[in-house]
Amino acid sequence: MARDVALIFAARVSRMAGYGAIAVVLGLYLAERGFDAGQVGLLFTLTLAGDAVISLWLATRADRFGRRRTLVIGAALLVVGGVAFAATGEYVVLLAAAIVSIISPSGAEVGPFLPVEQAALTEVVGPIRRTWALAWYQLAGSLATAGGALAAGLAVEALLDLAVGPADAYRVVILAYSVVGLVIAVLVSGLSNAVEASAPADPSIRRRLGLHRSQAVVVRLSALFALDAFAGGFVLQSLVAVWFTVRWGVEPALLGGIFFLTNVLAGLSGLVAARLAARFGLVETMVGTHIPSNLLLIAVPFMPSLELAIGVLLARFAISQMDVPTRQSYTMAVVTPDERSAAAGITGMARALGAAAAPVLATPLFGLAVLGGGLPFVLSGSLKISYDLLLWRNFRHVRPPEERP
């Protein structure tokens, strides 16, 4: 068990460092290659769309095809993406590579890795340690992303100081991203059979997107998670940064410090969530920490000074992400072992679609005079509280195995 956990964490850290690094340079690299903003935007859109489709297709088959083999395929697609973007400047080729490979232009998790690794971790650590493992998994990924972004920036700066051209300096980071894919392939190839579904899939069972017995539960969870993600899309970090700049005249350096602290607090909060869940239960922890955090979110635009607004925002982030490892743990617990990868993939896709629908509605609201442009904070917090109440109503009696008498 310890070896499998170490390999999964090593793959997660390697991948998220690669995502953090390539997100820093990819847009700059494409601009240096002569592509305009419209072409870059289309590439990024197709990249994210292709990543989403590949993730869902692989995740819904991983429990039958094999989790270890699915992770190796994902690593291979990551290598393909890095090599293609580094090797050619032909726009049509890059469009094709964007669709079929795995590239993260935002630094966020993409591809089939997250749902499959969640299922594998759940398999090897058991129900008692599941939430703790997922909390550390979340924190490790957050720190790795930050480290990868920092390393990419330092590497590019060093290469430019050595008189290397900008495009070539960015290309070095993209090629390093491909090397990360090779490292991941080696790591996940070493996983034991213990990461596979403990209850082998019955080929005679009729499935839809990899689900059979848990279809109703996953549909309900997906709808609720999509609502939560839609609400979160009203307060994306980039939009909040604009609001602080317009409302309070905050300088970029201070903005960077604010969001550094929010991300650190959000990552550390997962460890606290695991302790609370062990004592009070997963659903109780999700709802009991999420509602106060959303009340704080609603309060941000009502603060009379910048210092109070920052303080309330930081307090909000100190508890806002406690539902992430608990949500993931709960999803893994309430479905059968041979549906875990599919369940994580489908609920993750629902969250992605929900989040994508909000920014186009939120952006004009920040320009309104209501609450100094802070209306999206109120809408986001209110919708999130609605999600919490619906989650409590629908799932407070659906207990994971470790919480049953």
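Within the range 356-405, the set of residues being modelled with pLDDT of 90 or more, among the small types (Gly, Ala, Ser) and surrounded by fewer than 17 Cβ atoms within 10 Å (Cβ to Cβ) comprises 382, 386.
Applying the set (1) in a helix (DSSP H, G or I); (2) of a type outside the set (Val, Ile, Thr); (3) at positive phi to residue 163 leaves exactly one unmet item: (1).
So, residue 383, is that one out of contact with any helix residue (DSSP H, G or I) (no Cβ under 6 Å at 6 or more places or on another chain), in the same structural domain as residue 246 (by TED's automatic domain parsing), in a helix (DSSP H, G or I) and closer than 16 Å to residue 226 by Cβ or not? Spelling it out, it is not the case that residue 383 is out of contact with any helix residue (DSSP H, G or I) (no Cβ under 6 Å at 6 or more places or on another chain), in the same structural domain as residue 246 (by TED's automatic domain parsing), in a helix (DSSP H, G or I) and closer than 16 Å to residue 226 by Cβ.
Quick grid of which residues meet (1) of a type in the set (Val, Ile, Thr); (2) surrounded by fewer than 21 Cβ atoms within 10 Å (Cβ to Cβ):
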residue	(1), (2)
141	no, no
145	yes, no
170	no, no
187	no, no
192	no, yes
195	yes, no
198	no, yes
209	no, yes
227	no, yes
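Could you say which residue among 293, 222 is among the hydroxyl-bearing types (Ser, Thr, Tyr), in the same structural domain as residue 334 (by TED's automatic domain parsing) and under 27 Å from residue 370 (Cα atoms)? Step by step, each of 293, 222 is checked, and only 293 is among the hydroxyl-bearing types (Ser, Thr, Tyr), in the same structural domain as residue 334 (by TED's automatic domain parsing) and under 27 Å from residue 370 (Cα atoms). Against the numbered list (1) farther than 26 Å from residue 139 by Cβ; (2) in contact with an Asp or Glu (Cβ under 9 Å, 6 or more places away or on another chain), residue 16 comes up short only at (1). If you go through the range 361-375, how many residues are without any contact (Cβ under 8 Å) to a residue 60 or more places away in the chain and in a helix (DSSP H, G or I)? Within the range 361-375, residues that are without any contact (Cβ under 8 Å) to a residue 60 or more places away in the chain and in a helix (DSSP H, G or I) number 2. For the range 89-145, which residues satisfy the criterion of being of a type in the set (S, T, N, Q), touching a residue at least 60 places away in the same chain (Cβ under 8 Å) and not in a helix (DSSP H, G or I)? If the condition is that a residue be of a type in the set (S, T, N, Q), touching a residue at least 60 places away in the same chain (Cβ under 8 Å) and not in a helix (DSSP H, G or I), then 104, 106 are the ones that fit.
The values are calculated or read from the model by the stated rules, or taken from the named source; none is laboratory data. This one's a predicted model, so the numbers in the text were calculated from it and none came from an experiment. Cβ atoms come from the backbone with ideal geometry, glycine included; neighbour counts cover every protein chain shown.
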